[in-house]
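The values are calculated or read from the model by the stated rules, or taken from the named source; none is laboratory data. Since the model is a prediction, treat every value here as computed from it, not as a measurement. Here Cβ is always computed from backbone atoms with ideal geometry, including for glycine, and neighbour counts include all displayed protein chains. What goes into the accessible areas is simple: the full protein's heavy atoms, side chains included, and nothing from ligands, DNA or RNA. Shrake-Rupley method; radii C 1.70, N 1.55, O 1.52, S 1.80 Å.
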Amino acid sequence: MLSPNTLPMRFSEYRRTHGLFGEHDTVIAAVSGGVDSMVLLDLLARERGVSVVVGHFNHGLRGAESDGDEEFVARRAGEYGFPFHAGRGDTAAESGRRKVGIQEAARELRYGFLRQLRESVGGGRIATAHHADDNAETILLHLFRGTGVQGMAGIPVARDGIIRPLLFAGRAEIEDFARHERLPFRTDSSNAHDEYTRNAVRHQVLPLLKDVVSPSVVENINRSGENFRALATYIMEEAGKALGACTSGRGDGGIRLSLDRLAAQPLLLRQLAVRAALDETAGAAASAEHVESVLALLENAPGASVMLPGGATAERTRGELVIGPAAPSVEFAYTVEVGRSYELRGFRFATTVVSARGPASGRGTEYADATSTGPGPLTLRSWHEGDAFVPLGMGGRKKVSDYFVDEKVPARDKKSVPLLVTPGGEIVWVCGMRLDDRFKVTPATRRVIKLEYSSPHQA
């Protein structure tokens, strides 16, 4: 065991080596009141010239005990002469609302508070008291859950303005320093229970590994984490290249991957490309199983899809994998009169009576025979199962759903493409895509309607 006297010196060396903060910087210390965060606070107080702001979040999970933690941290911050800021949240209610575990809800609330505090004080780094044992537990949990190389890298020393300047130290030496310096701290009673997975790893798995494998198991796991971190950096660079090579388009928060280009990649790069796409669209909650589920779509028929975390989906079209937010399936129907323009549900539609068919100006403009459409008002509505039309230039009817497949319209977007329909229910135009052949302008046409459609979703 290292002497507790060396911890402040090693702390200073670690933060300098990793460029975590310098003199005259502001550090927002996340202080729960436990031994780890109280040691972090004491070590920050020894750093010359650093402005320390203390942030404490009361999760409201342990009643009077939680309130006691807040009062304790406020008092200790005052003794150091540091500004103190507290946040509160109903973690149990947030867990139920978001349908996530208590620990995940607590983490999101806590970091949300710390980021807001950083903005209110004008910037700085957020420092948490994660240490080497925490990192070893995280790596083991990631291993058990089947995460990739990035997960095996463990807790980053610094990322997104959050620093972990105690990551070099083990739990035992931190506690030894607290005893040596007679630092007061609070004990969270929930840490003694093993119903939380991390506590079970802390109290049962790691001690067993120390006894059976090696007393230095924490150090060995952390050393492996450093190697994986270097490997993860390289892999992320390759993932970006693979994603770029396979991407055929972007829009509306989603990514389209070319099936041909994706299939041509070696298996690892295929996995990396999909992993990178999921990181952008589904977030960190996407697992290795989600990556495999998306890749399995390559063997499926067009229209197959899988649900992803965060309300995202992945769908196989005729030539692409479309990964992104699931579009709400909202049906609509609007009556439109000839000669008027409309701003409707994310798109613009206009009709104008003109003397003759004008020149082609893209898929957003079409011309129809006004006599064929009939005298009554037209309707703009969403697609219905069984809808069919006669695509311009064809002699027979075709289901709109089959036409969408041919045109690589993702199934999740089918309801968002407006159909212009006559009073009798015949489709005049699949807006922005194809006119029905029965309503085209011919030499016999006496009255022409100019149809215009524009939408952010339009290709």
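Looking at (1) open to solvent by less than 10 Å² (accessible area, probe 1.4 Å); (2) touching a residue at least 60 places away in the same chain (Cβ under 8 Å); (3) assigned to a helix (DSSP H, G or I), which is the only condition Leu41 fails? Only one criterion is unmet by Leu41, namely (2). Quick one: would you say Arg76 is under 27 Å from Asp176 (Cβ atoms), of a type outside the set (A, V, I, L, M) and in a helix (DSSP H, G or I)? Criteria met by Arg76.
With respect to Gly49, is the statement that it is touching a residue at least 24 places away in the same chain (Cβ under 8 Å), open to solvent by less than 10 Å² (accessible area, probe 1.4 Å) and in a loop (DSSP other than H, G, I, E, B) true?
Values: touching a residue at least 24 places away in the same chain (Cβ under 8 Å): yes; open to solvent by less than 10 Å² (accessible area, probe 1.4 Å): no; in a loop (DSSP other than H, G, I, E, B): yes.
The answer is no for Gly49.
Sub-7 Å Cβ pairs linking a first residue in region 367-389 that is farther than 17 Å from Asp402 by Cβ and at pLDDT below 90 to a second residue that is among the basic types (Lys, Arg) and open to solvent by less than 10 Å² (accessible area, probe 1.4 Å), at least 6 apart or interchain, number zero. For region 193-207, taking the residues that are assigned to a loop (DSSP other than H, G, I, E, B) and either within 14 Å of Leu143 (Cβ to Cβ) or open to solvent by less than 80 Å² (accessible area, probe 1.4 Å) (or both), the one that is modelled with the lowest pLDDT is identified as Asp194. The residues on offer are Arg75, Arg145, and the sole one that is in contact (Cβ under 8 Å) with a residue 12 or more places away in the chain, charged (D, E, K, R) and open to solvent by 40 Å² or more (accessible area, probe 1.4 Å) is Arg145.
If we scan region 117-131, do we find a residue that is more than 30 Å from His290 (Cβ to Cβ), among the polar types (S, T, N, Q), assigned to a helix (DSSP H, G or I) and under 31 Å from the mean Cα position of the chain (by Cα)? Let's see the steps before the verdict.
Going residue by residue through region 117-131, those that are more than 30 Å from His290 (Cβ to Cβ) are 117-125, 127, 129, 131.
Those left that are additionally among the polar types (S, T, N, Q): 120.
Checking which are assigned to a helix (DSSP H, G or I) leaves us with 120.
Applying the additional criterion that residues be under 31 Å from the mean Cα position of the chain (by Cα) yields 120.
Yes, there is a match, as at least one residue in region 117-131 is more than 30 Å from His290 (Cβ to Cβ), among the polar types (S, T, N, Q), assigned to a helix (DSSP H, G or I) and under 31 Å from the mean Cα position of the chain (by Cα).
Considering Ala136, Ala158, the condition of being open to solvent by 50 Å² or more (accessible area, probe 1.4 Å) and under 30 Å from His290 (Cβ atoms) is satisfied by Ala158 alone. Out of all the residues in region 54-67, is one or more hydrophobic (A, V, I, L, M, F, W, C), touching a helix residue (DSSP H, G or I) at 6+ places or on another chain (Cβ under 7 Å) and within 17 Å of Ile126 (Cα to Cα)? Yes, the conditions are met somewhere in region 54-67. Checking the condition in contact with an Asp or Glu (Cβ under 7 Å, 6 or more places away or on another chain), open to solvent by 20 Å² or more (accessible area, probe 1.4 Å) and part of a loop (DSSP other than H, G, I, E, B), which residue from Gly19, Gly60, Gly33 passes? From the options Gly19, Gly60, Gly33, the qualifying one is Gly60. Is it true that some residue in region 132-146 is at negative phi and not in a helix (DSSP H, G or I)? No, region 132-146 contains no residue that is at negative phi and not in a helix (DSSP H, G or I). Within region 104-132, restricting attention to residues that are under 19 Å from Leu20 (Cα atoms) and among the hydroxyl-bearing types (Ser, Thr, Tyr), the residue that is surrounded by the fewest Cβ atoms within 10 Å (Cβ to Cβ) is Tyr111.
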